[in-house]
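Take a look at the following structure, please.
Each value in this text was obtained by applying a stated rule to the coordinates, not by laboratory testing. It should be emphasised that the depicted structure is a prediction, and the values quoted were computed from it without experimental measurement. We place every Cβ from the backbone using ideal geometry, glycine too, and count neighbours over all the protein chains shown.
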Amino acid sequence: MDIVSLIAKPGALDAALVDSLRNAWGGGVVVWLSEGEAAEFALLAAPSNFDAVRADIADQVDLNLLPAEGRRKAMLLADMDSTMIEQECIDELAEEAGVGPHVKAITARAMNGELDFEGALTERVALLKGLPETVIAKVLAERITPMPGGRTLVATMTRAGGHAALVSGGFTAFTEQVAARIGFAEHRANTLLAEAGHLTGEVARPILGREAKVTALEEITARLGIAESDVIAVGDGANDLGMLDRAGMGVALHAKPSVQERCALRVNHGDLTALLFLQGYSRAEFAA
């Protein structure tokens, strides 16, 4: 049995649309997880026109189809930049270094899979050479903001006994603070090298990229004694595709086009609490 999930911005999900799809596809009783925001119904089999309908309503609703069994996951594995926070940390550092537009252009291409991640990261970090280390704290305080719904997502899954891990192709100087602010149990990322209080323009090896995120999935699930199918992973860039493919539930959140094409589960209208709706949590079950 499958579940059809519909998620929109609060107040934007039309009950008539939900009922129309349920009737057209012969679905079960509609369950509202959040009035005007998230609803779902069961189906015995996937409809043949699902992709066409999804495309037709993509400008207003996130329509997803997922198995009814095993929806509530025991672990969250999340990317950081443009996923758990609203920014790309390296772009914000680049603004402070006076090379913002150049670095942002490279970041956009790398996250869409147009450039090799490791090479693109090395090139961008080199442009930060000489930047005072103190700028990191300044960027964290003045430029970095959490993605809406992130704290609720982590708190709700943690309260239910889940484990939350932050894995980033960014930098530990940021993941340490972001993980603490949002409530992650652990974090992994790259290390910016510094000397005499200034960035050297280099990053420690090995570089954590796409394969390292898959390794994190393998290692953490093995340590916790859970299956990869017990994991919900979320990300937005090409270097997230490995973990999104391997996790039991891989969600592309406001993702780059090349990533959305590869992911069955996509969220473009909801915030991070959409990952709770996809697992069948109602808003009444969210942690405060």
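Can you give the net charge of the other residues whose Cβ lies under 13 Å from the Cβ of G201, counting K and R as +1 and D and E as -1? Show your work: numbers first, answer last.
On the way: positive: R124, K129; negative: E123, E133, E195, E202.
Result for the neighbourhood of G201: -2.
Turning to a different aspect of this structure: Would you mind telling me which residue in G250, G201, G98 has the biggest mean-square fluctuation in a Gaussian network model of the chain, where springs connect alpha carbons within a distance under 10 angstrom?
Result for the chain, Cα springs under 10 Å: G98 fluctuates most.
Within the stretch 3-85, list the GluC sites (Glu not before Pro) lying in a DSSP loop whose Cβ has at most 16 other Cβ atoms in a 10 Å radius. Kindly include the intermediate steps, with their values, before the conclusion.
Working: sites: E35, E37, E40, E69; in loops: E35, E37, E69.
Loop-located and lightly packed - E35, E69.
Antiparallel DSSP bridges in the chain: what percent, to the nearest 5?
On the way: 20 of 39 bridges.
Percent antiparallel among DSSP bridges in the chain is about 50.
Between D62, D271, D19, where does the largest GNM mean-square fluctuation fall for the chain, given springs only between Cα atoms within less than 10 Å?
The residue that fluctuates most here is D19.
Can you tell me the relative contact order of the stretch 73-288? Whole percent, Cα pairs under 8 Å, sequence separation 6 or more. Display every interim value, and only then the final one.
Numbers: 401 pairs, mean separation 54.6, N = 216.
Computed over the stretch 73-288, the figure is 25 percent.
Let me ask another. Note the full-extension length gain between A15 and S258 as 0.36 nm times their separation in residues minus their Cα-Cα distance, in nm to one decimal.
Gain in length upon complete extension: 84.3 nm.
Once both labels are modelled 7 Å past Cα along the beta-carbon direction, what's the L65-E195 spacing in nm?
Label at L65, label at E195, 5.7 nm between them.
Which of the following values of log10 I(q)/I(0) by the Debye sum over Cα atoms at q = 0.11 Å⁻¹ was calculated from the structure shown: (1) -0.64; (2) -0.72; (3) -0.94?
Step by step, log10 I(q)/I(0) by the Debye sum over Cα atoms at q = 0.11 Å⁻¹ for this structure corresponds to label (1).
Work out the FRET efficiency for A204 and T158 from their Cβ-Cβ distance, taking R0 = 25 Å, and round it to the nearest 0.05. Walk me through the numbers before you get to the answer.
Working: r = 30 Å, r/R0 = 1.19.
Efficiency for this residue pair is about 0.25.
Based on the Cβ-Cβ distance of A42 and E114, what FRET efficiency does E = 1/(1 + (r/R0)^6) give at R0 = 51 Å, to the nearest 0.05?
Working: r = 40 Å, r/R0 = 0.78.
It comes to 0.80.
A further question follows. Check each of the GluC sites (Glu not before Pro) in the stretch 102-142 and keep only those in coil by DSSP with at most 13 other C-beta atoms within 10 angstrom; list them in order. List each step's numbers first, then the result.
Working: sites: E114, E118, E123, E133, E142; in loops: E114, E133.
Qualifying residues, ordered by number: E114.
A further question on this structure: Using just the helices of the chain, give the 222 nm mean residue ellipticity in deg cm²/dmol: DSSP H runs with n ≥ 4 each add -39,500 (n - 2.57), and the total is spread over all residues, rounded to 500. Provide the component values of the computation, followed by the final result.
Details: 12 runs with 111 residues, N = 288.
Counting only the DSSP helices, I get -11000 deg cm²/dmol.
Please identify, among G197, G162, G183, the residue showing maximal mean-square fluctuation in a Gaussian network model of the chain using a 10 angstrom Cα cutoff.
Taking springs between Cα atoms under 10 Å, the residue moving most is G197.
Could you work out the local net charge near I136, counting Lys and Arg as +1, Asp and Glu as -1, over the other residues with Cβ closer than 10 Å to its Cβ?
Working: positive: K138; negative: E92, E96, E133.
Local charge sum for I136: -2.
Hey, another quick one. Would you calculate the separation in nanometres between label points at H102 and N49, each defined as 7 Å from the Cα along the Cα-to-beta-carbon direction?
5.3 nm
Quick test of the membrane-span-like rule: which DSSP H helices of the chain reach at least 20 Å along their long axis (C-alpha atoms) with mean Kyte hydropathy at least -0.5? Mind showing how you got there, number by number?
On the way: long enough: 210-224 (22 Å, -0.21).
Sorted by number, the helices that extend far enough and score high enough are 210-224.
With Cβ to Cβ distances under 14 Å as the rule, what net charge do the other residues near G28 carry (K, R +1; D, E -1)?
Values: positive: R22; negative: D2, D19, E40.
It works out to a net charge of -2.
Oh, and also: Run the reach check for K129 against lysines, Cα to Cα strictly under 27 Å, same-chain hits fewer than 8 apart removed. What comes back?
Within the straight-line cut-off, K129 pairs with K104, K138, K213.
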